[in-house]
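Q: Structure provided below as structure tokens; questions to follow.
The values are calculated or read from the model by the stated rules, or taken from the named source; none is laboratory data. Here the structure is a predicted model, which is why all the values come from computation and not from measurement. With ideal geometry, Cβ positions are generated from the backbone for all residues, glycine too; neighbour counts draw on all protein chains shown.
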Amino acid sequence: MIRSSKIAALCAFLAIAGCQGLGPDQEYNYKLGRLGPRYLAEFLKPDPVGALGDLSEFSAADPDVATALRNAAGKAEAIPAISGVDEDIYLVVSDKPGIGFTVGIRTGNVEVREGLRGAVKPTMVLHVARKEALQLPDWLGAKSQDAQGRVGAGLSAESLFKVARLMLIPAMRSLYASDALYQGGKLSGLGFEDFLQIELTPPTGSDLPPARVTVLNVDGQWLFIEGWHGEPDERVSLTVPQALEIYRYAAYDLKKAKSPTDKQLISTKYAELRKRAVVYTRPDHK
């Protein structure tokens, strides 16, 4: 079992997967035909931007999508929680090749620009179907209501889930690509889960299915696959508010921490959140 303050400090960057806290130090290596170290010495950083190819080939040549995104931006600016968001997003229409936009979110302002701006280093690459892009204004315009039917300033729980479901895999891929995880090259001693399943649960009373993803590490490469596949080392189930809280700790709070003590406090809080979210551990993984 490998434990160190370094693990604790870096643990929060893996917003969902976290660090290995249980299990053997060795596992069977089917490639070599013998037992080997459970923990990989090197990890390859996900590169969602590189997978897009030539950024100059993307344009905003779908006027309906462009209009929908600008309308969605205006509705997003009316949501109080957006004031705490700081992101640069490449939004790509997955079922219409060559359509892409650069979305910047800063202190409550949302700017939609045509094409994928190569000068911008995106914090997230978001793939959406054209139908979903056209629905974004309606989702972001659906307000919450209390038990008496009074309209609030925030999103409705169901609309928030729809948006979070779109961003689940992109947000995870972004966090796994955090530069801080790869400083120094080798990460031997950091026991990341290499077979994890994550579930994002819809709000109570919703007919929407949960959002599920399987995270695998194959020869040092992180793979994010929609749905559940196989029997994982661990399974994590999160509500949208829980997922947003974990993301905030990993994507924002840890970067702002000014001392090792601050990082340790954030990591401890993260560990508590994650522990409560684990709903299954494979028996032979204990």
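Q: Any idea how many residues of the range 91-116 are more than 12 Å from Ala60 (Cα to Cα) and touching a helix residue (DSSP H, G or I) at 6+ places or on another chain (Cβ under 9 Å)?
A: Of all residues in the range 91-116, those more than 12 Å from Ala60 (Cα to Cα) come to 94-95, 103-111.
Going one step further and asking which of them are touching a helix residue (DSSP H, G or I) at 6+ places or on another chain (Cβ under 9 Å), we end up with 94-95, 103, 105, 107-111.
Number satisfying all stated conditions: 9.
Q: What pairs come out if I take residues in the range 119-135 that are within 16 Å of Met172 (Cα to Cα) and pair them with residues that are modelled with pLDDT of 95 or more and among the small types (Gly, Ala, Ser) whose C-beta lies under 7 Å away, six or more apart or interchain?
A: His127/Ser94; Val128/Ser94
Q: Which one of the conditions (1) at pLDDT below 95; (2) over 19 Å from the mean Cα position of the chain (by Cα); (3) of a type in the set (Gly, Ala, Ser) does Gly98 fail to meet, given that it meets all the rest?
A: (1)
Q: Just for the range 140-172: of the residues that are basic (Lys, Arg) and modelled with pLDDT of 90 or more, which one is farthest from Ala76 (Cα to Cα)?
A: The selected residue is Arg165.
Q: Okay, moving on. Any chance the range 101-118 includes a residue that's over 21 Å from the mean Cα position of the chain (by Cα), outside the structural domain of Ser237 (by TED's automatic domain parsing), surrounded by fewer than 17 Cβ atoms within 10 Å (Cβ to Cβ) and not in a strand (DSSP E or B)?
A: Within the range 101-118, one or more residues are over 21 Å from the mean Cα position of the chain (by Cα), outside the structural domain of Ser237 (by TED's automatic domain parsing), surrounded by fewer than 17 Cβ atoms within 10 Å (Cβ to Cβ) and not in a strand (DSSP E or B).
Q: State all residues of the range 63-74 that are closer than 22 Å to Ala157 by Cα and crowded, with 20+ Cβ neighbours inside 10 Å; if no residue qualifies, say none.
A: Answer for the range 63-74, where residues must be closer than 22 Å to Ala157 by Cα and crowded, with 20+ Cβ neighbours inside 10 Å: Ala68, Leu69, Ala72, Ala73.
Q: Whether any residue in the range 256-263 is surrounded by 15 or more Cβ atoms within 10 Å (Cβ to Cβ), assigned by TED's automatic domain parsing to the domain that holds Leu200 and either among the basic types (Lys, Arg) or more than 14 Å from the chain's Cα centre (by Cα) (or both) is what I want to check.
A: yes
Q: While we're here: For the range 228-261, enumerate the residues that are closer than 23 Å to Thr123 by Cα, among the charged types (D, E, K, R) and not in a loop (DSSP other than H, G, I, E, B).
A: Matches in the range 228-261: Glu245, Arg248, Asp253, Lys255, Lys256.
Q: Name every residue in the range 79-95 that is loosely packed, with under 13 Cβ neighbours inside 10 Å and over 20 Å from the mean Cα position of the chain (by Cα), in order of residue number.
A: If the condition is that a residue be loosely packed, with under 13 Cβ neighbours inside 10 Å and over 20 Å from the mean Cα position of the chain (by Cα), then Pro80, Asp95 are the ones that fit.
Q: Applying the selection to the range 190-227, what residues are part of a loop (DSSP other than H, G, I, E, B), at pLDDT below 95 and buried (at least 19 other Cβ atoms within 10 Å of the Cβ)?
A: Leu190, Gly191, Glu193, Asp194
Q: Sticking with this structure for a sec: Which ones in the range 57-73 are touching a residue at least 40 places away in the same chain (Cβ under 8 Å) and either more than 24 Å from the chain's Cα centre (by Cα) or in a helix (DSSP H, G or I) (or both)?
A: Glu57, Ser59, Ala60, Asp62, Asp64, Val65, Ala66, Ala68, Leu69, Arg70, Asn71, Ala72
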